[in-house]
Amino acid sequence: MEARLQAVMPHDDSGSVRVLLFAALRDQAGWEEKRMPLAGDGPQTALQLWMALELGALPAAVRVAVNQQLVDPDQQLHAGDELAFLPPFTGG
Amino acid sequence: MEARLQAVMPHDDSGSVRVLLFAALRDQAGWEEKRMPLAGDGPQTALQLWMALELGALPAAVRVAVNQQLVDPDQQLHAGDELAFLPPFTGG
Amino acid sequence: MLVTNSPFCLPSPVAEMGDAKAQRSERPKAVQVEIHSEPFSPWQRLESCCDRFAASAVFIGRVRPESAQGTHLDALELTHYPGMCERRIDEDAERLRQLHGAGAVLVLHRVGRLSPGEVIVLVVVQADRRGPAQRCCNELLEVLKHDAPFWKREWCGDQGAWLSGNTPL
Amino acid sequence: MLVTNSPFCLPSPVAEMGDAKAQRSERPKAVQVEIHSEPFSPWQRLESCCDRFAASAVFIGRVRPESAQGTHLDALELTHYPGMCERRIDEDAERLRQLHGAGAVLVLHRVGRLSPGEVIVLVVVQADRRGPAQRCCNELLEVLKHDAPFWKREWCGDQGAWLSGNTPL
């Protein structure tokens, strides 16, 4: 039932992830949020998805969050994940 | 000139010290301030003056101040000094 | 997260008796985290809810008048990752509160465009003794600096530059 | 000592230029020490003069609701050695301010009869960075606890008992 509803929804995210950029990465890319499809042929990691964004190598200082939890860049993605690339934090 | 003026002043302190007690010492002694004469026969220390107060042995935790500076109990007193006996501090 | 009911004004555990201990796990968390997009007065905020514990350690951070390079600064822009930011602070604050045995924690953090002198961050930790309050406050500030997804951009005229790191301790 | 002209609101050294450094030694000391025999509002006091430095570390100590033995407390009596007390705090605060490179220090301490919850002590240290402000504030509080001639007496009914030591950190 759920699957059938998703199939007819205009913004189907069953095969995609939501990608967020922040701070300097946002300026550099010219966007802050994008929906990216997951490759159909097997598992895909956060790092692999970054490469698909064509923004150059992932800077060593940039951290990766999936569903708002910090993870290793080799973390495997799932449909519907929220994936964020985070420059070094400078709050407080 | 100064010595002659002092000699005729009613509260001549040329041969005495002002003694101050605080907190529990004050309650124990029943007074908070007293003028004590310095012994005429040679130097007198803070500890010797304490003994003259007849309040028992000087408690190890009590500190001595002369002219509002912490000193060793063997500090020699001079006429006109302000001598204070200070229980352990408990401020802040 | 703007916590509307304030668990910050809980009575001191010391002042309570008997079965209060048994109930403690059922109470609301004694941590309050707020991200503000408009200026706030730290003192007015504190006056209303910081009087139940014997010790309160407070830190207030303000915008410097100059950039990291020592040049004149017009404004400091602060952005955050909504959701993740609040939750990370909340979790870290509760962890540190328990670690140090503190009673209540309040964190207010600004986002948006700030002028020099404006308050960026307010941290208040209340406890029954000064040590836990001070240690928890100091460590929580480091968490806000290093572990919470905030980013600062310095503005001078129409030139903006993202900071790449924090000021040293 | 009630310092009437307030050197606490000096502009930040960071914000100044050129020959300010040379003049610094001629300025009033950036330390303010006040002993109050009546209640004061720490927040109102702070609001008026704590906004020139990037970092402010604050500590507020209040009267506990119970005695050192854990029994009900009616009041806490605080007495001091006038003159010596103010001068010791002033000297220690200036020493610590220079040691840590802090900008301004404010110490307010109550004497007299205080009720549970009333503010005993307020320490504020302002600096250009959080480390100096925090470290100077923490150490100054220890100085107030251990090196300044204050004495506390706990009252329950008409029974008063002088404290023999401080609460541990």
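The values are calculated or read from the model by the stated rules, or taken from the named source; none is laboratory data. A quick note: this is a predicted structure, and the numbers were derived from the prediction, not measured. Counting neighbours? That spans all protein chains shown, and the Cβs are built from the backbone with ideal geometry, glycine included.
Annotations for the structure displayed:
- The set of residues in the range B:48-67 being more than 19 Å from residue B:80 (Cβ to Cβ) and either within 11 Å of another protein chain (Cβ to nearest Cβ) or of a type outside the set (D, E, K, R) (or both) consists of B:51, B:55, B:56, B:57, B:58, B:59, B:60, B:61, B:62, B:63.
- Candidates are the residues of the range C:148-160 that are at the interface with chain A (Cβ under 8 Å from one of its Cβ atoms) and part of a strand (DSSP E or B); the one that is farthest from residue C:95 (Cα to Cα) is C:153.
- Any hit, the range D:71-80, residues being of a type outside the set (A, V, I, L, M), over 23 Å from residue D:54 (Cα atoms) and at pLDDT below 95: yes
- Residue in the range D:161-169 that is farther than 20 Å from residue C:141 by Cβ, of a type outside the set (Phe, Trp, Tyr), more than 13 Å from chain B (Cβ to nearest Cβ) and surrounded by fewer than 20 Cβ atoms within 10 Å (Cβ to Cβ) present: no
- Residue in the range C:129-147 that is part of a strand (DSSP E or B) and either surrounded by 19 or more Cβ atoms within 10 Å (Cβ to Cβ) or in contact with a Phe, Trp or Tyr (Cβ under 9 Å, 6 or more places away or on another chain) (or both) present: no
- Cβ separations smaller than 7 Å between residues 6+ apart or across chains give the following pairs from the range A:67-92 residues that are more than 30 Å from residue D:130 (Cβ to Cβ) to residues that are among the hydrophobic types (A, V, I, L, M, F, W, C) and part of a loop (DSSP other than H, G, I, E, B): A:73/A:58; A:77/A:38; A:79/A:38; A:83/A:77.
- Filtering the range A:73-92 to residues that are in a loop (DSSP other than H, G, I, E, B) and under 13 Å from the mean Cα position of the chain (by Cα) leaves A:73, A:74, A:75, A:77, A:78, A:79, A:80, A:81.
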